[in-house]
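Read the figures in this text as sums done on the coordinates, not as results from a lab. None of the values given here were measured: they were computed from a predicted structure. Neighbour counts run over all protein chains shown; Cβ positions are idealised from the backbone, glycine included.
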Amino acid sequence: MSPYGIRMVGDPVLRQVAHEVTDIDERLVKLARDMLQTMYDAPGVGLAAPQVGVQKRFFVYDLGEGPSTLINPAVSESRGEWTFDEGCLSIPGVSFEIVRPKEIFVTGRDLDGNEVSFEADELLARLVQHELDHLDGVLLLEHLDEEQRDDAKRLLREMKLGSGTERAPAAEGAAGLSLP
Ligand code: NI
């Protein structure tokens, strides 16, 4: 069983700006481990702390190369454009073609408190940008054009999401490579 329930669109916690992590301690390590379990169970490839109701600036992810945690992440450079069918574990069953920078330079800290920096391209770049948005209270809905936004509203109405804080069942078959 997943340690946490994933917060769904309509939950105000998803719209708040998360706080910088000041202490990388055992509690945070446990939280990250529990979040990874929740992410794998979903299943998804990334999960940001606000998605489990924790207002701290970090996220967990695994694109098939093992679990990682990125704390206080920042993007300092971005290049190019890349279109990708992007989804979110907090908006189950919905995905949209969204254009974002293709390559980014990322900095942050790992769970040992070490500074990390790396170039990210395509899928990893997309994941980092998506999760960083969560830390700023931004959902992928805000990246949609007008037509996509209308579709999203209709879909969310059909799923009875987005109108309050009610929980929704996890969508079947919507995982794929969709980002949470
Ligand atoms: Ni998401």
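Observations, loosely collected:
- Among 100, 109, 157: highest mean-square fluctuation, GNM of the chain, C-alpha pairs under 10 Å: 157
- Across all directions, the shadow cast by the convex hull of the stretch 12-163 built on its C-alpha atoms averages 8.8 square nanometres.
- Signed unit charges on C-beta, dipole axis of the chain, positive-most listed residue 16, 94, 144: 16
- Ellipticity estimate at 222 nm from DSSP helix runs (n ≥ 4, -39,500 (n - 2.57)) divided over the chain, nearest 500: -7500 deg cm²/dmol
- Burial ordering of 97, 26, 131, fewest other beta-carbon atoms within 10 Å first: 26, 97, 131
- The stretch 132-145 - phi-based ³J(HN,Hα) in whole Hz, Karplus 6.51/-1.76/1.60, Gly and Pro as x: 4, 4, 4, 5, 9, x, 10, 9, 4, 4, 6, 9, 7, 7
- The value of relative contact order for the stretch 12-163, using C-alpha pairs under 8 Å at least six residues apart, is 24 percent.
- Tensor-based shape of the stretch 73-122 (alpha-carbon gyration tensor, a/c under 1.5 rounded, otherwise prolate or oblate): oblate
- Distance (nanometres) between label positions extended 7 Å along Cα→Cβ at residue 160 and residue 136: 3.4
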